[in-house]
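> Below: one structure in structure tokens.
Taken together, the values in this text are just the output of simple stated rules run on the coordinates, not laboratory data. Every value quoted in this text rests on a predicted model; they were computed, and no experiment measured them. So basically every Cβ, Gly included, is an ideal-geometry build from the backbone, and we count neighbours across all protein chains shown.
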Amino acid sequence: MNSSQGAIVPVSVYLDVDGVVNPFSPTGTTDWGGEWTIADAGILDVAYAPEVVAELNDLAEHPAARFVWLTTWERLAPEFLCPAIGLKGHDWPVLTSQGWDEGAEWWKLTALQKDLVTAGSERIIWLDDQLSQESDARSWAEYRQDRVLCISPDPRKGLSRSDLAAVRAYLD
């Protein structure tokens with residue numbers, strides 16, 4: 001999205017790992033019809049669809065996209081996951097639960113809100129399989145209306161073609 005001065009205003013894309021990039025015990029084929037790929041991420045094996053990684057890498061090159069890790073993997077995502085699956089997220093900011101996981105609110109919502117204060121993003125995309133279960137996060141997103149795109153994939157399948165197409169359309 002462009003501002004009135006013509007500068008690109010970043011769209012922050014908050015990315016979870018488990019249930020989103022790395023589905024829980026996936027069965028059958030990926031949404032692209034291929035087999036799941038298993039990779040050793042150093043700390044555990046991860047299952048993923050190579051097409052999801054390719055699309056995320058492509059989306060991360062979008063001039064408006066500002067990808068941010070928002071996952072319990074925290075700093076382990078860029079350190080171990082990225083090299084294992086070929087995701088080019090080594091330099092993305094990492095939000096942590098440190099200091100935010102002691103209250104009643106979901107630490108990811110609190111960390112995201114704090115990040116938005118400094119990021120300057122007017123619009124965000126939030127990709128997390130747990131979003132459908134977090135009423136405070138859903139309420140917050142509904143209040144922000146069309147400034148937030150929330151995608152909560154089936155945790156056994158992760159991101160789908162239609163999910164990634166929605167991300168691309170929102171960035172464009």
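> Evaluate the charge dipole of the stretch 43-92 about its Cα centre and quote only its size in Debye, nearest 20, assuming +1 on the Cβ of each Lys and Arg and -1 on the Cβ of each Asp and Glu.
Taking the Cα centre of the stretch 43-92 as origin, the dipole is about 140 debye.
> Is the stretch 131-172 best put as rounded, prolate or oblate by its Cα gyration tensor, with a ≥ b ≥ c the root eigenvalues, rounded for a/c under 1.5, and otherwise prolate when a/b is larger than b/c, oblate when not?
oblate
> Here's something else I'd like to know. Using Cα pairs closer than 8 Å and at least 6 residues apart in sequence, work out the relative contact order for the stretch 16-171, in percent.
Relative contact order here is 30 percent.
> Restricting to the stretch 16-171, compute how many DSSP beta bridges are antiparallel as a %, nearest 5.
Among the beta bridges of the stretch 16-171, antiparallel pairing accounts for roughly 40 percent.
> Going by how many other beta carbons lie within 10 Å of each one, how would you line up ARG123, ARG75, fewest first?
By the 10 Å Cβ count, ascending, the order reads ARG75, ARG123.
> Another one. Hey, fewest Cβ within 10 Å first, where do SER12, SER25 land in order?
Least to most surrounded, the residues fall as SER25, SER12.
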